[in-house]
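Chemist: This is the structure, below, for whatever I ask next.
We did not get these values from a lab; they are worked out from the coordinates using the rules stated. Values in this document were obtained by computation on a predicted structure and should not be read as measured data.
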Amino acid sequence: MQELMVDFITSLDGYGAAEGWPGWWGLQGPDYLAWLAEQPERYYTILMGATTYRQMSGFAEQLDAPEVDPASEEAASIEELANASKVVFSSTLQEPLALPNTRLVRGDPVESVRAMKADESTPMRTVGSLTLCRSLLQAGLVDRFRVVVFPVITGRTGSDRIYDGYPDVALEMVANRVFDGRIQLLEYIPTVLAGPPAEPTTA
């Protein structure tokens, strides 16, 4: 049974992006970038929804623009993603897909991922895809929940609120690390809860 990891980068207040801000909120440092280089996308099957796929495809198209530095960190990250094995869940996208190494699945994502966990030869992780991640977590299919928290609050410009609509989830921490003295990685084993725990009884 292959492992599935939900993987997010967020601001401190739980946004996945912010209008007008650069990638990684402009706060990436050498420690974080070195760690990213040690986590190559090609070792995973990458799962995403249609919205994230369109964003990634747009970023990949921009790599050929003359003003884009092909040696930049963001360009290298997009190129690594383009070369990875990917699955996109969508009822609206049409083949052929622009991003290479991408398989289109039109069926129910939860049941498809359940089968993939049994049949795939590599572990899986998500990129973006808030609705997909929420559905997979609610179905109990997520083995690891990894969050990289950047030290910024984007209350006015933030977009993509990550945890809206989530169930209650207990998180057992299994790894943590600080990059460049400011970026925090937190990795958990999640357990979806039916509701708040009962208060302990007193004798």
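Chemist: Helix-only mean residue ellipticity at 222 nm, the chain, DSSP H runs n ≥ 4 weighted -39,500 (n - 2.57), per residue, nearest 500. What is it?
Modeler: Counting only the DSSP helices, I get -7500 deg cm²/dmol.
Chemist: Given the options Leu132, Leu36, Leu99, which has the most mean-square fluctuation in a GNM of the chain, springs set between C-alpha atoms less than 10 angstrom apart?
Modeler: Highest fluctuation among the options: Leu36.
Chemist: Could you tell me the relative contact order of the stretch 125-203? Use alpha-carbon pairs under 8 Å, at least six residues apart, and round to a whole percent.
Modeler: 34 percent
Chemist: Considering only C-alpha atoms, what is the centroid distance from the stretch 162-196 to the stretch 9-43, in Å?
Modeler: Taking the Cα centre of each part, the stretch 162-196 and the stretch 9-43 sit 17 Å apart.
Chemist: Once a ≥ b ≥ c are taken as the square roots of the eigenvalues of the Cα gyration tensor of the stretch 140-194, is the result rounded (a/c under 1.5), prolate (a/b larger than b/c) or oblate (a/b not larger than b/c)?
Modeler: It comes out oblate by the Cα gyration axes.
Chemist: Using θ = phi - 60° and the Karplus relation 6.51 cos²θ - 1.76 cosθ + 1.60, list the HN-Hα couplings for the stretch 194-201 in order, rounded to whole Hz, with x at every Gly or Pro.
Modeler: Calculated HN-Hα couplings, in order: 6, x, x, x, 5, 5, x, 7 Hz.
Chemist: Over the chain, what lengths in whole Å, largest first, do the semi-axes of the equivalent ellipsoid take, defined as the square roots of 5 times the eigenvalues of the alpha-carbon gyration tensor?
Modeler: Equivalent-ellipsoid dimensions as semi-axes: 28, 23, 16 Å.
Chemist: Can I ask one more? Would you please give the residues with an amide H less than 5 Å from that of Asn101, counting only those at least 5 places away or on a separate chain, with H modeled from the backbone geometry?
Modeler: Residues meeting the amide H criterion: none.
Chemist: Another one. When the chain is modelled as a GNM with alpha-carbon springs shorter than 10 Å, which of Leu193, Leu185, Leu47 fluctuates the most?
Modeler: Leu193
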